[in-house]
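Read-outs: derived from the displayed coordinates by stated rules, not from any lab. Computed from a prediction, not measured in an experiment: that's the story for all the values here. Virtual Cβ from ideal backbone geometry, glycine too; neighbours counted across all protein chains shown.
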Amino acid sequence: MSDAMHPAIAGAQPSQRAEKRPEAPLFEGAYQDRFEKILTRYPDKRAALLPVLHLAQEVRGWVSPQTIRRVGELLDLTPAYVRSVASFYTMFNLRPVGKYLIQVCVGIGCDLCRAEEVAEKFLELTRTRIGETSEDGKYTVIEVECLGACAFPTVVQVNDKVYENVKAEEVEGLLKELD
Amino acid sequence: MAYPYEHPRETRVLSKYFGDEDAIGIDGWIERGGYKALAKALGMAQDAVTEVVKDSGLRGRGGAGFPAGLKWSFMPKDGKLPNYLACNADESEPGTFKDRELMRWTPHQVIEGIIIASYAIRAQHAYIYIRGEFVDIVRVLNGAVVEAYERGYLGENILGSGYGLDLTVHAGAGAYIAGEETGLLNSLEGRRAEPRVKPPFPAQRGAFGMPTTVNNVETLASVPGIVENGADWYRQWGTEKSPGTKLFSCCGHLQRPGNYEVPLDFNLKELVYDLCGGPPEGRELLGVIPGGSSVPILTADEIDCDVSYEGIEAAGSFLGSGGLIAMDDSTCMVRAVRRMVEFYDHESCGQCTPCREGTSWLAKILRRIERGEGREEDIPLLLDIGANMAGKTICPLSDSAAVPVVSSIQKFEDEYMGHIRDGGCTAKR
Amino acid sequence: MDNDRKLINVTIDGIEVSVPEGKTILEAAERLGIVIPRYCYHPALSAPAQCRMCLVEVEGAPKPLPSCVQQVQDGMVVSTDCAEARKARRGVIEFLLLNHPLDCPICDAAGQCMLQDYAHETGQLRRRAVEPTVVLGRDHVTSEIVYFADRCILCTRCVRFMEEIAEEPVLQVIQRGHKGYIDTMTDELFEHPFSMNIVDVCPVGALVNEDFLFKARSWDLDQTASICPGCSQGCNVLLGTKEQRVVRLKPRPNPEVNSHWMCDYGRREVVRWGAGIRAEVPMVRESDRLVAIDWSRALDALVEALSEASGGAKAIVSPGASNESLFTLRSLMERVGFEGGYFHVTTGSEQVLKGFPKLALREDRAANARGAELLGFERVDYVYGALLGHRGVVFVLEEALDGAPEDFGEGVELFIYIGSHLSPAAGKADIVLPCPIWAEMEGTFTNFEDRVQRFNQALRPPGLARPIWLSFSVALARLGAGEPFTSVAAAFGALAEELGVYSGLSYERIGLNGATTAAAGSAAAARR
Ligand SMILES: Cc1cc2nc3c(=O)[nH]c(=O)nc-3n(C[C@H](O)[C@H](O)[C@H](O)COP(=O)(O)O)c2cc1C
Ligand code: SF4
Ligand code: SF4
Ligand code: SF4
Ligand code: FES
Ligand code: FES
């Protein structure tokens, strides 16, 4: 993240980071700067909710009840309202996730090309079940709907990185590459 | 380098620079003739720009095919309220991935279109609502927006014209329904992306209660070419009712899946067999969904039509978003339909009873049939649930969920009956 | 104003009707007595048109339209009952019942559940779904209100009440699609002085007042139109009564007073009013004891004592007594000389309902302080102070006399106590007359803005308790002042004749919705 981010894009860089700081203050330093820039781009504070939740998740790794309360405070919204909106969107993790959030597309395009085998392989190798985090805290594997790259099945997104044309046999190598 | 495949029979207008790394940055884009259309537009009267787009016959590429120029002309011109433009980059319809490539390879083509459209509708602020999962695309787009600001294509007094525009990139957070234009507006306002009851339409009351135009990425990307070269230039392609070229995202069981740009009078069968190479070696084509998972499936022998809005409609489906999904004879139709229905179940915002409850009921029944626990009476039941879901809700997602079920039963009832009789799937997947 | 709008003609189910422009089909149909089934629509909330229950056929429209938001247009031809509309409705009901537990026998809403009503209406009998229903839990949303997730039809009425009327969006839809449910912030209960209205707006039994849970089936309750006596607002209510007890209060719509709402204090507070040891028989002092007698002899004693009295009369009254009771009391006092009547009002903090600010739980926690004032009674902080040194006749009407000085009632010529409960302070009275509480009688209250409202009798008074306007008008007749009132309407009529502020009002004109005094009416007109 550049220190002097242009306000036009300050709110649009959803990022799932390997490193998570669940207790970090919202917001400080460059993040505070980004938060303030986001507010300048909308006629009211409510509209900043999605970008600010993204920002908070980038810092803390997930959207905890404390995060919800804090974001509500920052934007003059009730915690229940923030929770309602956050729970509408699948990208906000309302539970902590592993260091690597592995999203396997099982949309129709990928499913036609055996996406389920890829998903199974990830589950097998990380020894987890869908949505659950591995014991070492490293992996959370989830199945997601179409990621918008259907010509390249199976599409897998790990944190901020998109992998295209992933075959079941390549999963092991991909996992190795992460570390 | 073409991306991922290029075919000599394509007509590359929008996708001319796909695969060309140098076209991404602003210098490369300007070298390739970029931002000339903007300069030209800013020298024209606002309504004259709208007129050209109207004359070109450009139709919205987000799915509904509404004429773009006509939509712009609904915007108030009195300047009493701030007008907004929202570029719909939420692209989440299964089988559709054209906007992604447009933004990835030619972000300035999209931005230029946004600036011209904003000028025409007298907007001072435009938003690009991009689906949050597009992390890498967002990065490219963000870079391009900053460049456009730095070069004075955005901000105050653009190219000395006196016209000013701010552009903000706004990332969604995982909700297909945020692609429906009023769901998008709610989402942009920091709300649940629940579609709104219409009327009022966005041009009357849109983002933040103000007049707003919502246009798809591809629609807007088509604008610079039209403004620069004129309506007739655009009409050299396609049909009277469907002028121009269009990107088709082709996926599924194809030898060369990818985006192909063809004029709208191109033959669908040739698109599938020539450009995409048809199904993999040794397989037969079973069916084609021509316009994203929300449109009816066509059988292999129904696709000898042109890809215009009216051509595909005559064949029994819709052009939709141009997301073509091909299925060969290894496909389990029940499974494929179940997957599509599960998608709608997952994405239903849940406001409307028929959609919220109907989608999950359909999915349950399909899963049961797939498991081999289907009953013959499930077929009429599925059709009747579909009838109770279609045309009865706030937005067409409910209809979309019923479409694959109803159309696949109409055309592939044997597949269902096979599952019911044989206690499960016998497809050689 | 409706009157200023253009009238347009529409045909609904073959009947033509003229309605003002801008009305919805649903509203227009109501004028014809056609009630289009609805769930999410509530007349006092915004209309999200999301339940899709109210779909109707409109000639020329390609799809059925939601009548709750579709405005009528001139010449529109609507069918609410054609095959297509019926099928749509049956479809919605079937969808809603897919995961509904159908635990009607134990559901608190049974008998007033809109799902049950329409399910019967549309003849949804055969269940086509073989998939098992999804079973969900229950959870508190306030300390008193429980949410039953699997009964919820996600109509969002409760959400919209909190958002639009309470203006505190603390109750929300969580998740989306079929996973959606209603909740507060994680692990929090909310508090709001008007919270219980969410139970009323819930069209099914998904939000339930725990206090009322299983207490009574709603069809077991008798309902009576009344006025909440909890504060000077005078919310219009329905009293739900059972076995001689007020079980609950529900708001009765009145756009001028409380819209569709009422506060929690009112509901909690006044249901307790009948409790305690009640005064059931008239009593008179015989040497140092009070002995029970019948009304006729009690009134004889009263009349005799008053005829012999030499000093004037002072009174301590309750600001919750009805206008008619206060009026007859005052008339009776005038026979011996009215020297003053006093009342004290218990107060609390004001709580305005932000989205309908006409309604507030008022500081004055009594229904008729204004009425008492208009009748010449005086509001004081310390009622006993006003009676210090008074040696003549003392009346106490409906005041428990908690905190009265030790010697209260001593050294006066005559002490008459009229009350619904046996108060220790009544022990020194010469005559004790039992009277009903508000729920056991009818009459009028005048609210804080001079609106006169009628409340009806819901319960039988205990024992021989009798409204004071009745017993005192008999006493007055015996003292030679006209005929006894044969009805509370007559009592109010006499009051209106005597007191200028009420001129032009009659019991009949007040009706179910109340009426403002001439002065209040013109003041309101001036404000407009
Ligand atoms: C459920 C649903 C999802 C939609 N998703 C998208 C989308 O992802 N992108 C898009 O451009 N249009 C989408 N649309 C269409 C938009 O509502 C709208 O028609 C379009 O953005 C208008 O732009 P256009 O006129 O340029 O096509 C969707 C519509 C529906 C009903
Ligand atoms: S049809 Fe479905 S997605 Fe559309 S508004 Fe209704 S519930 Fe939401
Ligand atoms: S709890 Fe009741 S009022 Fe609230 S959404 Fe559910 S059914 Fe509607
Ligand atoms: S506001 Fe007053 S009158 Fe209304 S319910 Fe509450 S206490 Fe009763
Ligand atoms: S289906 Fe996997 S990316 Fe579209
Ligand atoms: S009452 Fe009209 S849609 Fe719910």
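Hey, how many Å between the Cα centroid of the range B:402-422 and the Cα centroid of the range C:390-446?
Computed from Cα coordinates, the inter-centre distance equals 83 Å.
Given that compact globular proteins tend to follow 2.2 N^0.38 Å, what is the ratio of the alpha-carbon Rg of the range C:2-96 to that value? Can you show the working numbers first?
Details: Rg = 12.8 Å, N = 95, 2.2 N^0.38 = 12.4 Å.
Dividing the Cα radius of gyration by 2.2 N^0.38 Å gives 1.03.
Answer rounded, prolate or oblate for the range B:131-196, using the Cα gyration tensor with square roots of eigenvalues a ≥ b ≥ c: rounded when a/c is under 1.5, else prolate when a/b is larger than b/c, else oblate. Walk me through the intermediate numbers first.
Values: a/c = 4.09, a/b = 1.75, b/c = 2.33.
Note, shape of the range B:131-196 comes out oblate.
Lysine pairs in chain C with Cα distance under 29 Å, only those 8 or more apart or on different chains: how many are there?
Close lysine pairs found across chain C: 17.
Throw me the Rg/Rh for the protein assembly as shown, computed over C-alpha atoms with Kirkwood Rh, two decimals.
On the way: Rg = 36.6 Å, Rh = 33.7 Å.
Value, to two decimals: 1.08.
Just the ratio, please: alpha-carbon radius of gyration of the range A:100-178 over 2.2 N^0.38 Å, N its number of residues. Show your work: numbers first, answer last.
Working: Rg = 11.2 Å, N = 79, 2.2 N^0.38 = 11.6 Å.
Dividing the Cα Rg of the range A:100-178 by 2.2 N^0.38 Å gives 0.97.
Note the angle between two axes, namely the Cα long axis of helix C:518-527 and the longest principal axis of the Cα atoms of chain C, as a number of degrees from 0 to 90, rounded to the nearest 10.
It is inclined by approximately 50 degrees.
Relative to the longest principal axis of the C-alpha atoms of chain C, give the angle of the C-alpha long axis of helix C:323-336, reported between 0 and 90° and rounded to the nearest 10°.
10
Any idea what the dipole of the range C:283-487 comes to, in debye rounded to 20, about its Cα centre with Lys/Arg Cβ at +1 and Asp/Glu Cβ at -1? Please report the intermediate quantities before stating the final value.
Working: 19 positive and 28 negative charges, 123 e Å.
Computed charge dipole of the range C:283-487: roughly 600 debye.
Could you tally the net charge around C:Cys202, taking each other residue with its Cβ under 11 Å from the Cβ of C:Cys202, Lys/Arg +1 and Asp/Glu -1?
Every neighbour counted, the sum reads 0.
Report the antiparallel proportion of the DSSP beta bridges in chain C as a percent, rounded to a multiple of 5.
Working: 49 of 71 bridges.
That works out to approximately 70 percent antiparallel.
Using alpha-carbon positions, what is the distance between the centroids of the range C:233-259 and the range A:81-123, in Å?
51
Rounded to the nearest 500 deg cm²/dmol, what is the calculated helix-only ellipticity per residue at 222 nm for chain B, with -39500 (n - 2.57) per DSSP H run of length n ≥ 4?
Values: 15 runs with 172 residues, N = 429.
Rounded to the nearest 500, the figure is -12500 deg cm²/dmol.
According to the Cα gyration tensor, what semi-axes, each the square root of 5 times an eigenvalue, does the equivalent ellipsoid of chain C have, listed from largest to smallest in whole Å?
Details: eigenvalues 529, 135, 80 Å².
With the √(5λ) rule applied to chain C, the semi-axes are 51, 26, 20 Å.
State whether the range C:142-205 is rounded, prolate or oblate according to the following rule on the C-alpha gyration tensor (a ≥ b ≥ c being the square roots of its eigenvalues): a/c under 1.5 gives rounded; otherwise a/b larger than b/c gives prolate, and the remaining case gives oblate.
Numbers: a/c = 1.43, a/b = 1.30, b/c = 1.10.
Verdict is rounded for the range C:142-205.
Taking 22 Å as R0, compute the FRET efficiency from the Cβ-Cβ separation of C:Glu498 and C:Asn456 and round it to 0.05.
Working: r = 24 Å, r/R0 = 1.09.
Rounded to the nearest 0.05, the efficiency is 0.35.
Rounded to the nearest 0.05, what FRET efficiency is calculated for B:Asp422 and C:Val130 with R0 set to 22 Å and r the Cβ-Cβ distance?
Efficiency at R0 = 22 Å is approximately 0.65.
Using a 7 Å offset from the Cα along the Cα-to-Cβ direction at both C:Val291 and C:Glu121, what is the distance between the two label points in nm, to one decimal?
Going from the C:Val291 label point to the C:Glu121 one covers 6.4 nm.
Restricting attention to the range C:218-266, which chymotrypsin sites (Phe, Trp or Tyr not before Pro) occupy a DSSP loop and are surrounded by at most 16 other Cβ atoms within 10 Å? Numbers along the way, then the final one.
Working: sites: C:Trp219, C:Trp261, C:Tyr265; in loops: C:Trp261.
Counting only loop positions with at most 16 other Cβ atoms within 10 Å, none of the chymotrypsin sites (Phe, Trp or Tyr not before Pro) in the range C:218-266 qualifies.
Grab the beta carbon distance between C:Ser307 and C:Leu512, set R0 = 45 Å, and tell me the FRET efficiency rounded to 0.05. Intermediate values should be presented prior to the final figure.
Values: r = 41 Å, r/R0 = 0.92.
Once the sixth-power term is evaluated, E becomes 0.65.
Apply the a/c threshold of 1.5 to the C-alpha gyration tensor of the range B:293-356 and tell me whether it is rounded, prolate or oblate.
Values: a/c = 2.91, a/b = 1.46, b/c = 1.99.
Oblate, since a/c reaches 1.5 and b/c is not below a/b.
Would any residue of the range B:10-36 have its amide N under 11 Å from a label point 7 Å out along Cα→Cβ of B:Glu270? List them or say none.
Residues B:10-11 fall inside that zone.
So if each residue of separation counts as 0.36 nm, and I subtract the Cα-Cα distance between C:Asp103 and C:Ser522, what length gain in nm does that give? Spell out each step's value before the answer.
On the way: separation 419, 0.36 × 419 = 150.84 nm, distance 5.32 nm.
Taking C:Asp103 through C:Ser522 to full extension adds about 145.5 nm, to one decimal.
Please report the base-10 log of the normalised intensity I(q)/I(0) for the range B:183-339, using a Debye sum with one equal scatterer per alpha carbon and no solvent, at each q in 0.11, 0.14, 0.20, 0.21 (1/Å).
Relative scattering, expressed as log10 I(q)/I(0), comes to -0.56, -0.82, -1.16, -1.21.
Based on alpha-carbon centroids, what's the gap between the range A:130-179 and the range B:30-49 in Å, whole number please?
Their Cα centres are 43 Å away from one another.
For the range B:156-183, list residues with backbone N below 12 Å from a point placed 7 Å from the Cα of B:Ala39 toward its Cβ?
Output list for this probe position: B:159-160.
Quick one: net charge of C:Leu499's neighbours, Cβ under 14 Å, K/R +1, D/E -1? Write down the numbers at each step before the final one.
Details: positive: C:Arg330, C:Arg370; negative: C:Glu324, C:Glu334, C:Glu373, C:Asp450, C:Glu497, C:Glu498.
So the surrounding residues net to -4.
Can you give me the distance in nm between label points at B:Arg283 and B:Asp20, each placed 7 Å from the Cα along the Cα-to-Cβ direction?
Reported label-point gap for B:Arg283 and B:Asp20 is 3.3 nm.
Placing one identical point scatterer on every Cα of the range B:333-422 and ignoring solvent, what is log10 I(q)/I(0) from the Debye formula at q = 0.17 Å⁻¹?
Taking Cα atoms of the range B:333-422 as identical point scatterers yields -0.60.
Cα atoms only, the range A:7-88: Rg and Dmax in Å?
My reading of the Cα-based Rg and Dmax gives 11.6, 34 Å.
Which value results when the Cα radius of gyration for the range C:283-487 is divided by 2.2 N^0.38 Å?
Working: Rg = 17.0 Å, N = 205, 2.2 N^0.38 = 16.6 Å.
Taking N as the residue count of the range C:283-487, the ratio is 1.02.
Taking loop as defined by DSSP and a crowding limit of 14 other beta carbons within 10 Å, which GluC sites (Glu not before Pro) in the range A:1-40 fit? Walk me through the numbers before you get to the answer.
Numbers: sites: A:Glu19, A:Glu23, A:Glu28, A:Glu36; in loops: A:Glu19, A:Glu23, A:Glu28.
Loop-located and lightly packed - A:Glu19, A:Glu23, A:Glu28.
How far apart, in nm, are the 7 Å Cα→Cβ label points at C:Arg138 and B:Arg139?
The two pseudo-label positions are separated by 5.3 nm.
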